[in-house]
Amino acid sequence: MAALIASLKTTFTGYFKYRGREGQLSFLLHRLTGLGTLLFLIIHIVDTATVYYFPSLYNHAIEIYRSTPFMIGEIFLVFSVIFHGVNGLRISILDLYYPAKWTIKIQRTAVRHTLLLSVLLWLVPAYIMLRNMLVHNFGMFGG
Amino acid sequence: MTTTSRTVEKPSNYEATAWRWMRYSSVALIPLVWFHVLLQDVIVGVHKIDIDYVFVRWSNIGIQIYDILLLAFAFAHGMNGLRQVTMDFFHSDKARRTASWLIFILWLVVSIIGAFAIIAGARPELV
């Protein structure tokens, strides 16, 4: 048990202590956005399934999704989905078609472009979702 | 100038197949997930979604097939990703096998619950 805990600790601190610059950052962001999206996905599958199993519970679930903390969380969920997608596509294309391009020099630039593209793709949906939240939850813009 | 690329003998075992399918599914998931999130979260928005909305959606065989594909690809991709992360933390064969089986069972149970609900559809008459 002590050995197991020690190995868990080594792996976890290694995630942050290892100084791999851009590659490390994209590795951590990919895992964080992936696990975050998966957590949401499990909840989302189960709560949506209530429309068949326990229909009276579904509107309660939707009420929670409409609350301000969840709507803010959803804006970050959308960033996670966009970043995980752009970065995942970068990994897939390189692994499947251009493995020789996995060099530190090329990938440092690629990571920066991936982050930039993800933020740019996020801006418009984030604006629309934030506006939706202000309209419905705070009565702004004539809501 | 040193080069980092090298040729290795590619194994053909379960892990290699899972590794390849993470890449194949990622390509399928870009349109599947992005369009789903864009439509439901951004264009429609959670304030317009209720059980009647789901009823109408899941009365359409095309949308049911779309959502089944989404469930199959996204959730399998996510749970295998979780498995890959746990492999970083557990190093003994026994712990890895146990973790893999637990994740597999959770994947199977939640997938069946979700797929059955999509096929059976919403029951707004019971609210």
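Considered as a group, the residues in the stretch A:25-71 that are small (Gly, Ala, Ser) and under 17 Å from residue B:29 (Cα atoms) include one that is nearest to the other protein chains (Cβ to nearest Cβ), and that residue is A:34.
Scanning the stretch B:31-55 for residues that are surrounded by fewer than 19 Cβ atoms within 10 Å (Cβ to Cβ), of a type in the set (Val, Ile, Thr) and over 13 Å from residue A:78 (Cβ atoms), we see that the one that is farthest from the other protein chains (Cβ to nearest Cβ) is B:44. The residues of the stretch B:11-26 that are among the hydrophobic types (A, V, I, L, M, F, W, C) and either more than 11 Å from residue B:77 (Cβ to Cβ) or in contact with a Phe, Trp or Tyr (Cβ under 7 Å, 6 or more places away or on another chain) (or both), listed by number, are B:16, B:19. With respect to the stated conditions, residue B:111 fails to be facing another protein chain (nearest Cβ under 10 Å) and either among the β-branched types (Val, Ile, Thr) or over 18 Å from the mean Cα position of the chain (by Cα) (or both). Looking across the stretch B:56-66 at every residue that is of a type outside the set (Lys, Arg) and under 22 Å from residue A:56 (Cβ atoms), the one that is nearest to the other protein chains (Cβ to nearest Cβ) is identified as B:58. Considering the stretch A:48-57 alone, what residues qualify as being under 14 Å from residue B:114 (Cβ atoms) and surrounded by 18 or more Cβ atoms within 10 Å (Cβ to Cβ)? Listed by number, the residues that qualify are A:48, A:49, A:50, A:51, A:52. Within the stretch A:1-27, the set of residues being touching a helix residue (DSSP H, G or I) at 6+ places or on another chain (Cβ under 6 Å) and surrounded by fewer than 11 Cβ atoms within 10 Å (Cβ to Cβ) is empty.
Read-outs: derived from the displayed coordinates by stated rules, not from any lab. Keep in mind that this is a model prediction, so the values were computed, not measured. Quick reminder, even Gly has a Cβ in these numbers, built from the backbone with ideal geometry, and neighbours come from all protein chains shown.
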